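Below: the structure, in structure tokens.
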Amino acid sequence: MKLFTRFLFSLILPLIVTVIVPSIFILKFNNHLLAPISLIFGVILVVGIFLILLGLGFVVYTNKSFFKVGKGTLAPWDPPKKLVVDDLYRYVRNPMISGLSMIILGESMIFSSIELFGFFIIVVIFNHIYFVYSEEPGLTKRFGNEYTEYKKNVPRWIPSLTPWEKE
């Protein structure tokens with residue numbers, strides 16, 4: 001049962017942030033899919049779809065890493081027991097939030113929604129404040145020098161082009 005509960009809670013937050021809230025915006029504000037009536041709209045549509053797929057990959061992979069490597073979940077009451085610094089985490093410190101942000105930005109693009117774009121901005125600002133003032137100090141306290149070294153070498157939100165190589 002614990003395995004199912006961990007899996008369920010690993011899905012709840014991403015589903016709320018990337019499906020439920022955007023659906024409410026789309027239904028409330030009558031947004032529509034962008035019609036590729038010109039090259040610019042076609043490019044925006046393709047970029048939006050790409051961002052959603054890339055973000056989804058980040059979210060799925062991050063959950064898998066938290067569960068398998070970190071022995072925990074993204075839920076605050078079941079955090080990883082081990083600092084996860086492999087794979088995607090070698091490129092960006094917060095691939096889960098980066099992935100969720102990509103999905104919301106992509107949705108705002110394909111639905112041509114200023115409201116969803118505003119939600120994207122709020123999610124980014126809220127997470128930045130939370131991570132800088134709560135999450136990162138907590139990780140420094142839990143993992144000490146290992147996290148401090150990692151934080152010095154890996155960007156917080158936008159993935160680097162080259163992976164960090166642990167010494």
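The values are calculated or read from the model by the stated rules, or taken from the named source; none is laboratory data. Keep in mind it's a predicted model, so treat the numbers as computed, not measured. Every residue, glycine among them, receives a Cβ derived from its backbone with ideal geometry; neighbour counts consider all protein chains shown.
Based on this model, can you work out whether residue 122 counts as in a helix (DSSP H, G or I) and under 18 Å from the mean Cα position of the chain (by Cα)? Before the answer, list the steps.
Working: in a helix (DSSP H, G or I): yes; under 18 Å from the mean Cα position of the chain (by Cα): yes.
Considered against the rule, which asks whether it is in a helix (DSSP H, G or I) and under 18 Å from the mean Cα position of the chain (by Cα), residue 122 comes out as yes.
Does the range 71-80 contain at least one residue that is closer than 18 Å to residue 15 by Cα, modelled with pLDDT of 90 or more and out of contact with any strand residue (DSSP E or B) (no Cβ under 6 Å at 6 or more places or on another chain)?
No: zero hits.
Which is of a type outside the set (A, V, I, L, M, F, W, C) and under 21 Å from residue 28 (Cα atoms), of 98, 112, 134, 65? First the steps, then the outcome.
Numbers: 98 fails: under 21 Å from residue 28 (Cα atoms); 134 fails: under 21 Å from residue 28 (Cα atoms); 65 fails: under 21 Å from residue 28 (Cα atoms).
After applying the criteria, what remains is 112.
Considering only the range 155-162, I want to know if a residue exists there that is exposed (fewer than 13 other Cβ atoms within 10 Å of the Cβ) and either in contact with a Lys or Arg (Cβ under 8 Å, 6 or more places away or on another chain) or within 22 Å of residue 45 (Cα to Cα) (or both). Break it down into steps so the answer makes sense when it comes.
Within the range 155-162, the subset exposed (fewer than 13 other Cβ atoms within 10 Å of the Cβ) is 158, 160-162.
Next, only the ones that are either in contact with a Lys or Arg (Cβ under 8 Å, 6 or more places away or on another chain) or within 22 Å of residue 45 (Cα to Cα) (or both) stay: 158.
Yes, the range 155-162 has at least one match.
Could you tell me whether residue 106 is surrounded by fewer than 18 Cβ atoms within 10 Å (Cβ to Cβ), among the small types (Gly, Ala, Ser), at pLDDT 80 or above and assigned to a helix (DSSP H, G or I)?
Numbers: surrounded by fewer than 18 Cβ atoms within 10 Å (Cβ to Cβ): no; among the small types (Gly, Ala, Ser): yes; at pLDDT 80 or above: yes; assigned to a helix (DSSP H, G or I): yes.
No.
Across the range 76-100, which residue is surrounded by the fewest Cβ atoms within 10 Å (Cβ to Cβ) among those that are over 17 Å from residue 18 (Cβ atoms) and hydroxyl-bearing (Ser, Thr, Tyr)?
Residues of the range 76-100 that are over 17 Å from residue 18 (Cβ atoms), as a first pass: 76-93.
This time we only want the ones that are hydroxyl-bearing (Ser, Thr, Tyr), so: 89, 91.
Values: 89: 21, 91: 17.
Taking the candidates together, the pick is 91.
Table: residues versus (1) free of Cβ contacts under 8 Å to residues at least 24 places away in the same chain; (2) in contact with a Phe, Trp or Tyr (Cβ under 9 Å, 6 or more places away or on another chain).
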| residue | (1), (2) |
| --- | --- |
| 59 | no, no |
| 103 | no, yes |
| 112 | no, yes |
| 133 | yes, no |
| 140 | yes, yes |
| 147 | no, no |
| 153 | yes, yes |
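Consider only pairs whose beta carbons are under 9 Å apart and that are at least six residues apart or on different chains; among these, list those whose first residue lies in the range 120-131 and is closer than 10 Å to residue 104 by Cα and whose second residue is among the charged types (D, E, K, R) and in a helix (DSSP H, G or I).
120/107
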